[in-house]
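Any read-out appearing in this document is the output of simple, stated calculations on the displayed coordinates, not a laboratory observation. On a predicted model such as this, the values are computed, not experimentally measured, just so you know. FYI the Cβ positions are ideal-geometry reconstructions off the backbone, even for glycines, and counts take in every protein chain you see.
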Amino acid sequence: MEKRKEIADAFDVPGTYIGEYPYGNGHINDTYCVIYENKGKEVRYIRQRINKNIFKDVPALMNNIGRVTRLQREKFQEAGKTDIDSRVLTLVPSKTGEDYIIDAEGHYWRTYIFLEGLLTLEIVEKPEHAFQAAKAFGEFQCQLADMTTPRLHETIPNFHNTRSRFDTLVKAIEADEFNRAKNVQEEINFVIQREKIVDVLLNLQQAGELPERITHNDTKLNNVLINAETGEGMCVIDLDTVMPGLALYDFGDMVRTATNTAEEDERDLSKVEMNIDMYNALKEGYLSTAGDFLTPKEIELLPFSGQLITFEIGIRFLTDYLQNDVYFKIHRDKQNVDRCRKQFKMVESMERIFKLT
Ligand code: ADP
Ligand code: GN1
Ligand code: MG
């Protein structure tokens with residue numbers, strides 16, 4: 001804990017460090033709720049150790065986050081919002097004025113003001129949740145449409161490049177370094193049968209039919225904070241992957257996470273079906289803020305984006321299982337297989353409901 005106190009003291013937080021505990025359910029970074037006492041009151045902060053194995057250039061990533069949150073603030077000001085501090089993440093600087101610190105072991109840490117009174121939903125419970133989350137993510141994309149040069153850094157190159165995700169899986173199957181392919185033959189076949197969908201958006205982008213935008217790229221439901229009283233989608237968080245991308249990547253990941261009431265690693269697949277009421281609410285919420293800038297082609301492809309991005313994340317879970325679970329945190333054996341199976345059941349469900357092949 002001595003080390004954690006040193007880290008705590010390196011940030012310019014008023015008051016005295018009391019302690020901390022692990023927080024949230026992210027798969028990549030280590031997140032803590034950190035408590036300080038200031039003038040007799042306990043104040044919470046979010047502190048994160050950024051996964052530098054995954055994010056190779058953390059200073060560039062933090063530079064993106066600084067630019068993005070500043071622009072969001074300007075946009076909310078222009079829109080006349082009075083509760084901006086609940087709508088945008090606020091970084092707490094270090095005592096030397098940086099947005100992050102590097103500890104003695106070379107790990108990067110950052111601190112955010114804790115947004116009190118807002119909720120994180122791990123699973124969607126009703127269509128209103130889907131509507132609110134999508135409305136907030138749509139607004140986020142709309143605000144960032146005005147991002148000026150230079151281009152934001154690509155914090156993970158080819159992040160949603162579905163061809164490259166597919167090819168990486170094929171290589172992992174061929175290498176089968178941990179002798180696990182035999183356990184997931186059905187899932188492997190599922191992917192191989194659907195190879196043709198992986199190039200669809202990439203080809204359209206290359207042909208100039210889909211515009212590059214600034215996108216969030218990790219729009220799962222638990223990355224938007226909801227006002228506990230009014231239910232309004234307030235603050236888009238987890239900005240590590242904000243970079244140039246396709247609007248459909250964001251909508252697709254919303255369909256993956258906000259149209260089914262089961263957990264991401266649900267083992268009872270009879271509970272896994274896309275819920276069309278949730279989907280319709282999601283689409284309505286998204287179009288309420290993004291409808292003005294989306295092209296007809298993007299709107300036409302909204303259902304397909306759900307199928308594709310759910311398929312892509314399933315491929316990533318499967319690849320990670322074959323590679324010995326080195327990317328996504330797991331808490332039990334074969335958790336990545338369960339996550340993959342859930343995604344693929346959702347893909348099948350979308351194919352049926354949207355009549356996609
Ligand atoms: P990860 O990249 O690991 O998913 P996140 O940035 O999404 O990390 O944070 C993990 C969780 O911590 C979120 O789902 C949310 O519950 C909570 N969280 C993150 N930032 C804040 C904040 N500023 N205020 C309150 N809760 C937050
Ligand atoms: C990871 O960090 P977190 O848990 O919000 C992952 C996303 C996946 C998601 C699956 C940087 O998101 O791409 O869609 O898990 N983030 C990164 O739940 O790889
Ligand atoms: Mg997150």
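The H on the amide N of residue 92, modeled in the peptide plane, is under 5 Å from the matching H of 111, 112, 113, each at least 5 residues off or on a different chain.
Between residue 92 and residue 39, full extension at 0.36 nm per residue minus the direct alpha carbon distance yields a gain of 17.2 nm.
Once R0 is set to 22 Å, what does the formula 1/(1 + (r/R0)^6) return for the Cβ-Cβ distance between residue 78 and residue 292, expressed as a FRET efficiency to the nearest 0.05?
Working: r = 16 Å, r/R0 = 0.71.
Computed FRET efficiency for residue 78 and residue 292: 0.90.
What percentage of all Cα-Cα pairs in the chain are separated by more than 30 Å? Summing the P(r) of the chain above 30 Å gives 38 percent of all pairs. Sorting 87-94, 141-148 by average packing, meaning the other beta carbons within 10 Å per residue, from highest down gives 87-94, 141-148. Region 61-119 and region 255-318 have Cα centres lying 28 Å from one another. Considering only Cα atoms, the convex hull volume of region 140-215 works out to 138 Å³ per residue.
Here the scattering of region 2-116 is modelled by Debye summation over its C-alpha atoms, one equal scatterer each and no solvent; at q = 0.13 Å⁻¹ the log10 of I(q)/I(0) is -0.53.
Rounded to the nearest whole Hz, the Karplus-based 3J(HN,Hα) values (6.51 cos²θ - 1.76 cosθ + 1.60, θ = phi - 60°) of region 82-96 follow the sequence 9, 10, 4, 5, 9, 10, 10, 5, 10, 7, 9, x, 6, 5, 9, with x at glycine and proline. The trypsin sites (Lys or Arg not before Pro) of region 314-357 meeting both criteria, a DSSP state outside H, G, I, E and B (loop) and at most 14 other C-beta atoms within 10 angstrom of the site's C-beta, are 329, 332, 355. In summary, the helical segments of the chain meeting the span-like criteria, namely a full DSSP H run, a Cα extent along the axis of 15 angstrom or more and a mean Kyte-Doolittle hydropathy of at least -0.5, are 127-144, 162-175, 247-258, 276-290, 302-322. Highest-first packing order for the peptide set 229-239, 267-277, 304-314 is 304-314, 229-239, 267-277, based on the mean count of other beta carbon atoms within 10 Å.
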